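Have a look at this one.
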Amino acid sequence: MRQLVMAAALGSLFSSGAHAQDTRDVQEPKMPAACAVLFGEAGNSGRDDAVRIQAAIDKCAPGRAVVLSASNEKRSFVSGPLRLKSGVTLVVDAGATLYASTDPRLFDKGAGTCGSNDGSGKSCRPLITAEDTRGSGIMGPGAIDGQGGQKIAGKDESWWQIARRAQKEKTRQNVPRLIQVDRSQDFTMYNILLKNSPNFHVTLNKVDGFTAWGVRIDTPRDARNTDGIDPISSRNVTIAHSWIRTGDDNVAIKAGNGGPTENVSILHNHFYSGHGMSIGSETNGGLRKILVDDLTMDGTTSGLRIKSNDTRGGTVSGILYHDVCLRGVKTPIDISTHYEQAAQPGKLIPSYNDVRMERVRSVTPGRVLLQGYDDAHPLNLALRDVTVDGEPQVMMGHTRLSGTPLNAPHTASIECSDKFPAFPAEPARNPRPQLTAEQARAYDYREVLKYVGPVGNERVEPWDPLADPLVTSAKLTPDYVVDPRAPADGITRFATVQAAVSHAVADAARKQRIYIRLAPGTYDELVYVPAGGAPITLYGDGPDPQATRIRAGVDASTTGAAYRQRYAAQFAQAAPAVRALYDGLKDLPALGTYGSSTVWVQADGFQARNLTIENTYNRDGAVKHAECSGDNCPDTTGGSRVHHQAVALRVDGADRVQFESVRLLGLQDTLFLSSRDYVNTVRSFFHKTWIEGDVDFIFGDTIAYFQDCDVKQIGGRAASYALAPDTSRRAKYGMVFNGCRFSGDSSAKAKETSFYFARQWFHNERCTPYGRVPVEGYSCKLGEVDVYKAPNGTIRKRTLEAVGKAVILNTRIGAHIVKDNPWSEWNRNGTLAHRPAQFSSDDWWSNLQQAGFDPATKLGETVRPAPADIYLGEYNNTNE
């Protein structure tokens with residue numbers, strides 16, 4: 001927590017009682033807990049989100065925040081006027097942008113002139129208003145974009161263009177301000193980006209207590225009347241650690257008919273294009289006790305500026321500028337009492353007293369203007385260590401100088417050489433990170449598949465599945481034959497696939513691979529292949545994979561009783577190792593994802609060729625079950641249909657498993673690839689295989705290589721994610737797709753579906769440290785178990801390390817995939833299961849730091865990977 005305190009030495013520069021600082025104890029703001037999290041849409045026009053945002057603000061309890069959040073490619077909110085209420089903060093979260101609508105009708109005060117020029121220029125409401133509030137605020141780190149450069153809806157000009165035209169026509173533009181705070185107390189702006197305001201960005205009127213900390217304001221230098229922050233007739237104002245570049249005054253402190261402005265601190269800021277650090281031009285209310293400390297100005301037109309005239313002048317006193325560096329500023333010191341002087345003199349004489357400058361330096365030449373009003377109202381200015389490099393042009397009148405002269409010999413000038421940082425770039429967002437050619441070479445199948453064993457300490461065991469007879473031999477010689485239409489002898493000929501597998505498993509003496517040929521047809525059964533025994537190859541004897549089909553319709557909500565009723569007879573005579581798998585499921589209240597497999601493989605070296613494995617659950621469009629149990633609660637985002645996990649093929653801790661010309665069909669969770677103990681990784685290889693589903697249908701934590709495969713995404717639900725890896729961050733590899741094709745559903749039901757490559761499975765979590773969960777008192781801390789009991793939860797280190805890795809190379813990407821954001825977050829911000837997409841170890845590390853789980857201090861990680869480990873990436877893909 002940073003606190004703003006000036007050195008005692010500075011206080012001694014003032015006469016007694018002239019302490020020019022905010023009287024509050026100002027510290028770095030804290031983000032309030034969320035009361036609601038709203039999600040954006042795509043695009044920045046054509047709608048008005050004000051109703052739903054305002055409704056959330058109105059319902060929010062004091063001390064809480066309404067959060068505008070990005071969700072994948074849906075990152076934008078478009079709004080007309082909004083009104084904050086006391087105690088409520090509006091948070092625009094990382095990656096999200098709140099756009100001001102370009103429709104002038106939304107901002108019009110009733111005269112119908114918003115978006116036009118006239119003599120008054122006051123007919124538009126601001127985008128955000130806080131009026132008579134206490135403890136409200138606006139926070140980031142997202143952006144609020146006023147769209148000043150965009151065409152006004154229904155017109156051929158932008159807000160800025162009509163402002164420039166008004167200047168030529170001597171009229172006034174009717175355009176909205178971005179943020180206006182009136183008659184309020186303790187308003188806070190923190191870590192927010194404001195950009196492209198049609199007019200002033202932030203205006204304060206009669207505000208007592210205002211903090212802007214870490215605010216970035218970014219608007220083009222030629223955008224007229226786009227002041228950064230303007231405190232007017234306000235007190236106790238702090239603007240700190242902020243970055244401002246705009247088309248008018250960077251900061252303009254004013255005092256009009258509403259009364260004085262006092263106790264203002266401008267600390268540790270950086271200004272760029274704009275008109276400088278200004279006081280005025282309205283000074284008739286009086287300004288006093290203002291401190292500007294540790295300021296850099298790089299490229300402003302004016303630097304330290306006080307401006308007024310006798311139609312709006314007043315007393316300006318108790319002003320200290322300290323530690324100021326300027327570069328490329330035309331007029332580094334610009335003090336005028338005749339700013340925009342009216343033709344007829346007025347009676348409001350500007351009087352500038354007790355103005356002090358200490359340790360001020362312009363490192364480039366420029367003009368110095370020191371202009372009091374007359375001898376009775378001179379500028380009283382004290383200088384100490386003030387320099388303007390080169391030979392400055394000094395224009396001075398009615399000025400009384402004290403202290404050391406400008407550019408005096410032996411001046412102890414401030415060192416400014418390292419004081420001009422670049423304006424902070426907006427965080428680069430690359431939703432489709434690309435591998436280099438060198439990085440891609442590390443994903444050759446022989447390199448990926450040679451690693452096996454303890455995660456993070458894998459051993460090398462070379463494996464080349466493309467050299468196996470499964471691929472190279474057109475004809476295989478069967479040891480067993482499965483044909484339900486032929487007589488079975490229980491020795492080499494069988495009526496069911498499971499019977500043949502059971503016999504192979506029971507043959508303990510056999511060490512050589514056992515080839516089992518399946519006659520064409522449909523096998524309505526489950527097939528369990530336990531660990532141990534000789535390796536097994538199943539292959540269909542039909543002309544293509546569709547001719548030989550193994551299918552069942554078990555899903556995660558299937559009860560143990562229903563499972564026994566349907567499959568007890570099948571396993572009654574099974575080998576003991578097979579029977580043990582069945583026994584482990586039959587008494588469960590619900591089978592869960594792990595028990596829903598049509599084919600369940602635990603045996604090392606298992607192979608399959610030229611056949612189809614299908615879980616038929618819901619594939620006929622009917623609703624099979626309506627139960628909901630724990631992790632198996634239904635997802636009804638696609639409408640009224642109930643959805644459960646239903647696995648076609650589970651590879652469970654089996655190493656060197658291989659699938660050649662196989663079709664895997666299902667909906668949610670079609671292919672499940674799991675290590676048995678989450679400690680040792682294993683390898684699977686899929687070649688010329690078709691995999692079909694709708695949600696998370698290729699998922700798991702093992703190494704899996706897909707060569708020349710087809711991945712078919714079925715629509716009908718709100719979103720489709722092909723992959724859901726939960727690979728450990730310590731594993732060398734996860735899922736790799738090379739030379740494949742991702743295709744989509746062209747049916748009518750798919751039109752409302754958003755299709756993504758993947759979302760990284762946040763496996764086992766019960767609470768999330770990421771994002772903002774709108775539960776009062778919510779916390780999610782590191783612990784020994786994954787558990788949540790509202791409002792508190794704990795999460796294990798291992799759960800945080802299940803990052804999910806997937807790389808797609810040399811692959812054709814169908815037009816159905818969301819092009820600008822194909823890698824999805826796991827679940828939306830605001831939910832207990834939220835986690836953002838993490839493309840590399842840098843993301844993992846930074847996201848945890850932001851969540852308060854610093855890997856170095858909380859997780860015991862001593863070294864941040866450099867270069868960063870790749871979690872998600874693409875190389876040389878083509879879009880269809």
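Would you please name the GluC sites (Glu not before Pro) within the range 759-813 that are DSSP coil residues with at most 16 other C-beta atoms within 10 Å of their C-beta?
Sites meeting the loop and neighbour criteria: GLU776, GLU784.
What are the semi-axes of the equivalent ellipsoid of the range 694-748, taken as the square roots of 5 times the eigenvalues of the Cα gyration tensor, listed largest first and rounded to whole Å?
Ellipsoid half-lengths, sorted descending, are 24, 14, 6 Å.
If you take the beta carbon distance between ALA718 and GLN434 as r and set R0 to 35 Å, what does 1/(1 + (r/R0)^6) give as a FRET efficiency, to the nearest 0.05? Let's see the in-between values first.
Working: r = 28 Å, r/R0 = 0.81.
Using R0 = 35 Å, I get an efficiency of 0.80.
Let me know the shape class of the range 121-253, please: from the alpha-carbon gyration tensor, a ≥ b ≥ c as square roots of the eigenvalues, rounded when a/c is under 1.5, otherwise prolate if a/b is greater than b/c, or oblate.
prolate
Continuing with the same structure: Please give the length that would be gained between ASP418 and GLU340 if that part of the chain were fully extended, namely 0.36 nm times their separation in residues minus their C-alpha to C-alpha distance (nm, one decimal).
Contour length minus the Cα-Cα distance gives 24.5 nm.
Let me ask something else. For HIS201, what accessible surface area do you get with a 1.4 Å probe? Give it in Å², rounded to 10.
Here the residue's solvent-accessible area equals roughly 0 Å².
Separate question: So if R0 is 56 Å, what FRET efficiency would GLU157 and ARG676 give, r being the distance between their Cβ atoms, rounded to the nearest 0.05?
It comes out at approximately 0.25.
Hey, if you put +1 on the Cβ of every Lys and Arg and -1 on every Asp and Glu Cβ in the range 382-466, which of HIS398, PHE423, ALA382 ends up farthest toward the positive end of that dipole?
HIS398
Might you work out the accessible area of MET139 for me, using a 1.4 Å probe with all protein chains in place, and round it to the nearest 10 Å²?
The accessible area comes out at roughly 10 Å².
Another question, if that's okay. Report the full-extension gain for the segment THR477 to ASP544: residue separation times 0.36 nm, less the Cα-Cα distance, to one decimal in nm.
22.3 nm
State which entries of LYS30/LYS805; LYS30/LYS85; LYS30/LYS206 exceed 22 angstrom in Cα-Cα distance in the structure shown.
On the way: LYS30/LYS805 34 Å; LYS30/LYS85 19 Å; LYS30/LYS206 24 Å.
Violating the 22 Å limit, Cα to Cα: LYS30/LYS805; LYS30/LYS206.
Please report the antiparallel percentage of the DSSP beta bridges confined to the chain, to the nearest 5. Don't skip to the answer; put the middle values down first.
Working: 17 of 235 bridges.
About 5 percent, rounded to the nearest 5.
Still on this model: Sorting SER661, SER45, SER684 by accessible area (1.4 Å probe), largest first, what list results? Walk me through the numbers before you get to the answer.
Details: SER661 35, SER45 80, SER684 0 Å².
I get SER45, SER661, SER684, largest accessible area first.
Just by accessible area at a 1.4 angstrom probe, what is the order of LYS206, LYS74, LYS475 from largest to smallest?
LYS475, LYS206, LYS74
Additional query: LEU859 accessible area, nearest 10 Å², 1.4 Å probe?
Looks like 10 Å² after rounding.
Tell me the label-point distance for the pair LYS330, ALA42, using the 7 Å Cα-to-Cβ offset, in nm and rounded to one decimal.
With each label point 7 Å from Cα toward Cβ, the separation is 4.5 nm.
Once you place label points 7 Å from the Cα toward the Cβ at GLN512 and ALA376, how far apart are they in nm?
12.0 nm
Would you kindly compute the Cα radius of gyration of the chain and its largest Cα-Cα separation (Dmax), both in Å?
34.7, 121
Using the reciprocal of the averaged 1/r over all distinct C-alpha pairs, how large is the Kirkwood radius of the range 537-611 in Å?
Over the range 537-611, the inverse of the mean reciprocal pair distance is 13.8 Å.
Per the Debye formula with a single identical scatterer at each Cα and no solvent contribution, what log10 I(q)/I(0) holds for the range 729-776 at q = 0.16, 0.17, 0.21, 0.23 Å⁻¹?
The calculated log intensity ratios at q = 0.16, 0.17, 0.21, 0.23 Å⁻¹ are -0.85, -0.90, -0.99, -1.02.
While we're looking at this one, here's another question. Using only the Cα atoms of the range 694-817, build the gyration tensor, take square roots of its eigenvalues as a ≥ b ≥ c, and label the shape rounded, prolate or oblate: rounded if a/c is under 1.5, else prolate if a/b is larger than b/c, else oblate.
Judged from the Cα gyration tensor, the range 694-817 comes out oblate (a/c at least 1.5, b/c at or above a/b).
Filter LYS122/LYS170; LYS307/LYS347; LYS712/LYS819; LYS122/LYS168; LYS450/LYS511 down to the pairs with a C-alpha to C-alpha distance above 21 Å, please. Walk me through the intermediate numbers first.
On the way: LYS122/LYS170 15 Å; LYS307/LYS347 16 Å; LYS712/LYS819 17 Å; LYS122/LYS168 18 Å; LYS450/LYS511 23 Å.
Listed pairs above 21 Å: LYS450/LYS511.
Next up: Under 18 Å between alpha carbons, and skipping anything fewer than 8 positions from LYS858 in its own chain: which lysines qualify?
LYS781, LYS797
Subtracting the Cα-Cα distance from 0.36 nm times the residue separation, let me have the gained length for THR171 to VAL394 in nm, one decimal.
76.8 nm
Another question, then. With a 1.4 Å probe and every protein chain left in place, work out the accessible area per residue of the chain in Å², rounded to a whole number.
Working: 33760 Å² over 880 residues.
Accessible area per residue, the chain: 38 Å².
Which percent of the accessible heavy-atom area of the chain goes to carbon and sulfur, probe 1.4 angstrom?
48 percent
Remind me, relative contact order of the chain in percent, using alpha carbon pairs under 8 angstrom and six or more residues apart?
6 percent
With the dipole of the range 776-875 worked out from charges on the C-beta (+1 for Lys and Arg, -1 for Asp and Glu) around the Cα centre, which of ALA806, THR794, ILE870 lies farthest toward the positive end?
THR794
Tally Lys and Arg at +1 and Asp and Glu at -1 over the other residues with C-beta under 9 Å from the C-beta of ASP248: what net charge comes out?
On the way: positive: ARG224; negative: ASP227, ASP249.
Local charge sum for ASP248: -1.
Alpha carbon centre of the range 765-796 versus the range 346-408: separation in Å?
So the two Cα centres are separated by 58 Å.
Taking the Cα centre of the range 501-580 as origin and charging only Cβ (+1 Lys, Arg; -1 Asp, Glu), how large is the dipole, in debye to the nearest 20?
240 debye
Show ARG459, ARG134 ordered by accessible area, largest first, where the area counts protein heavy atoms only and the probe is 1.4 Å.
ARG134, ARG459
Continuing with the same structure: Taking 7 Å along the Cα-to-C-beta vector as the label spot, tell me the ARG864-ASP25 distance in nanometres, rounded to one decimal.
3.2 nm
The values are calculated or read from the model by the stated rules, or taken from the named source; none is laboratory data. Here the structure is a predicted model, which means the values were calculated and not measured. Quick reminder, even Gly has a Cβ in these numbers, built from the backbone with ideal geometry, and neighbours come from all protein chains shown. Just the protein is used for accessible areas: all its heavy atoms, side chains included, with ligands, DNA and RNA removed. Shrake-Rupley method; radii C 1.70, N 1.55, O 1.52, S 1.80 Å.
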